[in-house]
Amino acid sequence: MEDMGAIIVGHFPLTSGEWIPPHSHTHHQLAWTRRGVLSVNVGGLYWVLPPTRALWLPAGVTHATGATRDAVLCSLYLAPGRCPLDWPEPTAVGVDGLLAELIGYLARTDLSDDARLRAEAVLPDLLRPLPTRPIDVPWPTDERVRMVAAALLADPADPRGLEAHARAAGVSRRTLTRLFARDTGMSFDRWRTHVRLRAALPLLAEGQPVSRVAHSVGYATASAFLAAFRRTVGTTPRRYLLSH
């Protein structure tokens, strides 16, 4: 980690499936990877970050960071008192070639103080918020709902409907419907959709065909998957994976 000027640059290798436990920072953080796919969890909200996007995390926000494929977490830490940006919420930003090169430049240890300060002054101008929304997968508190939620997380393509899951949990369909809404603020179908899309994003980021990804997370057709993706995330998978 290099500490010069107002921005600290750190690199942290992460193996596939490895997670950094929930934590927070006194500095604003920009989380990005040059290769692989990162995931960031903030209180049940999930962002999936291919190399074309990074996530702004305000100082003090508790988050967990992991890798769905081997990656190197590149973090920029910006001193709040010296940063012109004050975005209060986690915000996805696009990463194009210029921003990627600037991040690499700021990681150098041979820059003069003047050169580093000039480069740091450019960074805020390159952070462009993206209009896409994170995927909300709130975790239920009731043990019976947790049983159903755990089954869906383990296999997002599980074809069983609400009735079958209710029987497996030992409750009626009506009770499970009520408990899901109470615990997660979502219907069973909507919660399952979010789980499926969250599972799909790393596969899409790896370049797998949409039709294959759709079937792997439980959709009969690519068009049904695309409609659910647009409705939930706010854009198409292709646009999501681009930096603009």
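Numbers below:
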| read-out | value |
| --- | --- |
| Computed lengthening from Asp155 to Glu101, 0.36 nm per intervening residue step minus Cα-Cα distance | 15.6 nm |
| Extended-chain gain in nm, criterion 0.36 nm per residue less alpha-carbon gap, Ser112 and Val72 | 11.8 nm |
| Convex hull volume of region 76-150 per residue (C-alpha atoms, cubic angstrom) | 162 |
| Solvent exposure of the chain as accessible area per residue, Å², 1.4 Å probe | 47 |
| Charge dipole magnitude, Cβ of K and R +1, D and E -1 - the chain, Cα centre, debye nearest 20 | 1280 |
| Percentage relative contact order, region 21-133, counting C-alpha pairs under 8 Å, at least six apart | 27 |
| FRET efficiency, His23 to Arg167 (Cβ-Cβ, R0 51 Å, nearest 0.05) | 0.80 |
| Estimated FRET transfer efficiency when R0 is 22 angstrom, pair Thr132-Leu85 (beta carbons, to 0.05) | 0.70 |
| Those GluC sites (Glu not before Pro) in region 1-103 that DSSP places in a loop and that have at most 15 other beta carbons within 10 Å | Glu18 |
| Solvent accessible area, Å² - His11, 1.4 Å probe, full protein context | 100 |
| Computed label-point distance, nm, for sites Phe12 and Ala59 using a 7 Å Cα→Cβ extension | 1.8 |
| Ranked order, Met147, Met186 - accessible area, probe 1.4 Å, largest first | Met147, Met186 |
| List Thr15, Thr175, ordered by accessible area with a 1.4 Å probe, largest first | Thr15, Thr175 |
| Surface share of carbon and sulfur [accessible, 1.4 angstrom probe, percent] for region 1-103 | 57 |
| Option label - percent of Cα pairs over 33 Å apart computed here, alternatives (1) 25; (2) 12; (3) 21 | (1) |
| Rg(Cα)/(2.2 N^0.38 Å) for region 39-97, N = residue count | 1.15 |
| Under 12 Å from the Asp189 label point (7 Å along Cα→beta-carbon), backbone N, region 144-163 | 162 |
| Estimated inter-spin distance, Thr175 and Ser216, nm [label 7 Å along Cα→Cβ] | 3.7 |
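The values are calculated or read from the model by the stated rules, or taken from the named source; none is laboratory data. Since we're looking at a predicted model, the values are computed, not measured. Every residue, glycine among them, receives a Cβ derived from its backbone with ideal geometry; neighbour counts consider all protein chains shown. Heads up: the accessible areas ignore ligands, DNA and RNA and are worked out on the full protein's heavy atoms, side chains in. Shrake-Rupley method; radii C 1.70, N 1.55, O 1.52, S 1.80 Å.
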